[in-house]
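Okay, structure first, notes after.
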Amino acid sequence: MFNEKPQPELVIGVLRRLKDVNQAVNYFRWVERKSEEPLSPEAYNSLLMVMVRTRNFDYLEQILGEMSIAGFGPTNYTCVELVASCVKSQKLIEAFDLLQMMRHFKFRPAFSAYTTLIGALSEVGESDRMLALFHQMQELGYEVNVHLLTTLIRVFSREGRVDAALSLLDEMKSNSFDADIVLYNVCIDCFGKVGKVDMAWKFFHEMKANGIVPDDVTYTSMMGVLCKANRLDEAVEIFEQMEQNRQVPCAYAYNTMIMGYGSAGKFDEAYSLLERQREKGCIPSVVAYNCILTCLGKKGKTDKALRIFEEMKRDAMPNLPTYNIIIGMLCKAGNVEAAFKVRDAMKEAGLFPNVRTINIMIDRLCKAQKLDEACSIFEGMDHKVCSPDGATFCSLIDGLGKQGRVDDAYRIYERMLDADQIPNVVVYTSLIRNFFKCDRKEDGHKMYKEMMRSGCSPDLMLLNTYMDCVFKAGETEKGRALFEEIKARGFLPDTRSYSILIHSLVKAGFARETYELYYAMKDQGCVLDTRAYNTVIDGFCKSGKVNKAYQLLEEMKTMGHHPTVVTYGSVVDGLAKIDRLDEAYMLFEEAKSNGIELNHVIYSSLIDGFGKVGRVDEAYLVMEEMMQKGLTPNVYTWNCLLDGLVKAEEINEALVCFQSMKDLKCTPNQITFCILINGLCKVRKFNKAFVFWQEMQKQGLKPNTITYTAMISGLAKSGNVAQASSLFERFRATGGIPDSASYNAMIEGLSIANRALDAYQLFEETRLKGCSIHTKTCVALLDALHKAECLEQAAIVGAVLRETAKSQHAARSW
């Protein structure tokens, strides 16, 4: 209805009052039509300000395009307000794109627009976009200042992008900017926090060389960096420098040093510094006391911590972290009642336990194996005030599972699902591991499948744990498949993955695969740790590649890893098994000289090695040394010595050892009796052997095939054919398969006892089974058959005897 041409002041006044972008744009277009000429820059800027107020930029690109064609752009004020609007609504990427749009239309964004956005991007670590804006400012001819460079350097340093930060510093120097104390403090703090301690030191000394006096922030930052890097002596030196000329102590510096001492476990020094702070008239803060209490908690000094807790109330009111530290400490020590009293005192002080308090209590109680108390706290949680979170459920599930209460752990897992908490990979790792640990592998497999169905992706740690459990359950092929699954899921198997695979395959009898897997691990760039070296060395030893194992032992030392008793044990055992006993003994002595606490395994390997080659005296000496060191030989060690004595036909000495073994309360096992029975039969002490046989039977131990053969042979040769025959039949009845030696002993014994037909029947059975018949056996049987006038049978035995003689003659001729 309004027919007159709108005046510019009226248009701008209307646009300034509008609160809807669509309405503003419609009005703007109506004015254009009425005026029949482009509107003024002020009108365009007023329209842009409507977009700022409403934070609606749907028409921004269109309006900027029109302004570009008209030959003018947004004012500096409008530009800054556009960016600030995006920043306030946390739309930083949109703000960045807005500035790029302005540059696209050849506008020159305001200096403050750039600095505002760079400051906002620094808070979220968008370093690349910050750098792009910084370079744009330089292209536009803006003079960048030290403050802006400091902001950029801080972000790059925090991200660990040291090269980029140093490049900016070089650029600053090339532009003749003088670094101020703020920049130096930022460099010291940020470079130190990413582990570049020497670089932080360099900045500290450089600022002093440039005449800039370090302030409290400088000193405390440098001290914090050195404490974190475990360079406490240097931190103390800096602290003392700072204190020399100060009348009033810096509380922050004291807190930093107290934290440093506390982290290093130096309670006395930390407490001494706190006392020194108090003497100088500066009341220690709650932060300082919390550091000392944390240190005492790590050392398990609960009583001292409680004393200091009471003492601190004179200087500073305990806060929520203080109470959490004390409660956690008491729960860890299993003192639940005292923990509840502290919790009640906490409520009286106006501080109420939060979920972190509950989590600390449950976690520490689980670790102290006070599971019923942990469950009681969980059940007593008031869900309206404090609901359990993922950490609460995780601690309880893991604690119950580790103590074998996997069904209870699974019930908590179900309650976690009912509470709409999403189990993470740590929860599933715990459940899988603990189900396998309790010999419930099927449930362990089900948990893995359930995890996959839930959409929770396994990480490398879970896959390693699952693979380890599967191998330990004897599912070798499934374990191999899981190793391949690790790669199929896009993970690179790490050192632990390979260690689990090699160790498990060695145990399963596939030690020969160690070589190939070791080089695959090296080619992938895995850095071996002590456990990995031990695993590979053991695999090489068990596959007969002892020289390679020895070489790896030397490499391990050069790489800074200290060989353990496991390392030495593997190589000593490998050398002993291939009769390189002098080298094995030298390595044994090296382990002792390095302060390694030797175990049964390494002593037994040497005793076994010396015994097998007849060096019984040296085996004895090793056994004596072992006992002098306070190690009681186990049944395996005694068996190694007994086997060596038997092989050397020192049977009387072996019997003395057997008695010593029993005197030392070491119960003989099946192998012990087998060694002695075989040894006694070997020296024809058959009656004594039979006594041991009977004792073995009384103890419910089952003889092996070799022992049966020796005993049958011994009884037959000593004329106890009836007992030998009875034993032979019993052996077969229990599923035993007699070997050639058993058959020959029985045939010969029956022949000597004039039981020719029984002997002949066994002779035929022996032939049918394909077992060889000795010439001596044939001669004894032939003689017995002739005496019994069994001429037909004698003719068959004679033919076999002649055939055997021909075969032996042909073999000698060949």
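Taking Cα centre as origin and charging only the Cβ of basic (Lys, Arg, +1) and acidic (Asp, Glu, -1) residues, the dipole magnitude of the chain rounds to 1940 debye.
Using only the alpha carbons of the stretch 273-368, what is the convex hull's orientation-averaged projected area in square nanometres?
Details: hull surface 23.2 nm².
Averaged projected area of the stretch 273-368's Cα convex hull equals 5.8 nm².
Once C-alpha pairs closer than 8 Å and six or more residues apart are averaged by separation and normalised to the residue number of the stretch 114-166, the relative contact order reads 33 percent. Considering only Leu149, Thr256, Ala305, the residue lying farthest towards the positive end of the dipole of the chain is Ala305, judged by Cα position with unit charges set on Cβ. Calculated on the alpha-carbon coordinates, the convex hull of the stretch 1-122 measures out at 93 cubic angstrom per residue.
Summing charges over neighbours of Glu66, with a neighbour being any other residue whose Cβ is under 15 Å away from its Cβ, gives -2 when K and R count +1 and D and E count -1.
Viscosity 1.306 mPa s, temperature 10 °C: what is the translational diffusion coefficient of the stretch 126-165 from Stokes-Einstein with a Kirkwood Rh over Cα pairs, rounded to a whole number of µm²/s?
On the way: Rh = 10.4 Å.
Roughly 153 µm²/s, to the nearest whole number.
What does the charge dipole of the stretch 83-126 about its Cα centre add up to, to the nearest 20 debye, if the Cβ of each Lys and Arg holds +1 and the Cβ of each Asp and Glu holds -1?
Working: 5 positive and 4 negative charges, 51 e Å.
Once rounded to the nearest 20, the dipole reads 240 debye.
Given +1 on the Cβ of Lys and Arg, -1 on the Cβ of Asp and Glu, and no further charges, what dipole in debye does the stretch 537-607 carry about its Cα centre, rounded to the nearest 20?
Numbers: 7 positive and 10 negative charges, 43 e Å.
It works out to roughly 200 debye.
A cut-off under 13 angstrom between Cβ atoms defines the neighbours of Gln421, and their net charge, with Lys, Arg +1 and Asp, Glu -1, is -3. Candidates Ala409, Met461, Gly399 compared by Cα position along the dipole of the stretch 310-463: farthest toward the positive end lies Met461, with charges placed on Cβ.
A Förster radius of 30 Å, combined with the Cβ-Cβ distance separating Glu66 from Lys91, puts the computed FRET efficiency at roughly 0.80. Each residue, Cys771 and Asp268, gets one label point 7 Å from its Cα in the Cβ direction; the gap between the two is 7.6 nm.
Between their Cα atoms, which of Lys437/Lys507; Lys437/Lys629; Lys449/Lys542 are more than 25 Å away from each other?
Listed pairs above 25 Å: Lys437/Lys629; Lys449/Lys542.
Calculated accessible area for the stretch 474-538 comes out at 49 Å² per residue, all protein chains present (probe 1.4 Å; ligands, DNA, RNA ignored).
If you take every residue apart from Ala788 with its C-beta less than 14 Å away from the C-beta of Ala788, what net charge results, scoring Lys and Arg +1 and Asp and Glu -1?
Result for the local shell: -2.
P(r) for the chain: what percent of alpha-carbon pairs falls in each 10 Å bin, starting at zero? Reading the bins upward from 0: 2, 9, 10, 13, 17, 15, 11, 7, 6, 5, 4, 2, 1, 0, 0, 0.
Taking all protein chains together and rolling a 1.4 Å probe, Cys456 ends up with roughly 30 Å² accessible. Applying a threshold of 18 Å to the alpha-carbon distances of Lys557/Lys592; Lys266/Lys341; Lys682/Lys717 flags Lys266/Lys341 as lying beyond it.
Packing-wise, with mean Cβ within 10 Å as the measure, how do 632-638, 63-69 rank, highest first? Numbers along the way, then the final one.
Numbers: 632-638: 17.9, 63-69: 16.3.
Descending packing order for the listed peptides: 632-638, 63-69.
Only Cα pairs under 8 Å and at least 6 apart count here; give the relative contact order of the stretch 716-814 as a rounded whole percent.
On the way: 86 pairs, mean separation 22.8, N = 99.
Once divided by the residue count of the stretch 716-814, the mean separation gives 23 percent.
Excluding same-chain neighbours fewer than eight residues apart, the aspartates and glutamates reachable from Lys478 by a Cα-Cα span under 20 Å are Asp439, Glu442, Asp443, Glu450, Asp459, Asp468, Asp494, Glu513, Glu516.
When the accessible area of the chain is split by element with a 1.4 Å probe, what percent falls to carbon and sulfur?
Looking at the chain in its full context, I get 51 percent from C and S.
Here the Karplus relation 6.51 cos²θ - 1.76 cosθ + 1.60, evaluated at θ = phi - 60°, turns the backbone of the stretch 582-595 into coupling constants of 5, 5, 4, 5, 4, 5, 4, 5, 4, 4, 5, 5, 8, x Hz, with x for every Gly and Pro.
Across all C-alpha atoms in the stretch 214-340, the radius of gyration and Dmax reach 15.0, 50 Å. Of all aspartates and glutamates in the structure, the ones whose alpha carbon falls short of 13 Å from that of Lys776, not counting any fewer than 8 places away in one chain, are Glu748.
In the stretch 414-559, the convex hull through the Cα atoms has an average projected area of 9.5 nm², a quarter of its surface area.
For the cross-link pairs Lys299/Lys347; Lys367/Lys446; Lys472/Lys612; Lys545/Lys702, the ones whose C-alpha atoms lie over 30 Å apart are Lys472/Lys612; Lys545/Lys702. Accessible surface ranking for Trp201, Trp693, 1.4 angstrom probe, highest first: Trp201, Trp693.
Each helix, a run of at least 4 DSSP H residues, gives -39500 (n - 2.57); summed and divided by the residues of the chain, these come to -23500 deg cm²/dmol at 222 nm. With all protein chains kept in place, the per residue accessible area of the stretch 320-399 amounts to 46 square angstrom at a probe of 1.4 angstrom.
Sorted on the mean count of surrounding Cβ atoms within 10 Å across their residues, most packed first, peptides 304-316, 361-373 read 361-373, 304-316. Note on Lys91: lysines with a C-alpha under 25 Å away, same-chain residues under 8 apart excluded, are Lys19, Lys106. Between the listed residues Ala270, Phe491, Asn185, the Cα displaced farthest toward the positive end of the dipole of the chain, a dipole computed from Cβ unit charges relative to the Cα centre, is found at Phe491. Is the C-alpha gyration tensor of the stretch 607-663 telling us rounded, prolate or oblate? Criteria: a/c under 1.5 is rounded; beyond that, a/b larger than b/c is prolate, otherwise oblate. Verdict is oblate for the stretch 607-663. Applied to the stretch 514-527, the Karplus parametrisation 6.51 cos²θ - 1.76 cosθ + 1.60 on θ = phi - 60° returns per-residue 3J(HN,Hα) values of 4, 4, 5, 5, 4, 6, 5, 5, 5, 4, 6, x, 5, 9 Hz, with x for Gly and Pro.
The values are calculated or read from the model by the stated rules, or taken from the named source; none is laboratory data. Fair warning: this is a prediction, and the values are worked out from it, not measured in the lab. Because the Cβ atoms are built from the backbone with ideal geometry, glycine has one as well, and the counts that use them run over all protein chains shown. Each accessible area value is taken on the protein alone, full model and side chains, heavy atoms only, with ligands, DNA and RNA left out. Shrake-Rupley method; radii C 1.70, N 1.55, O 1.52, S 1.80 Å.
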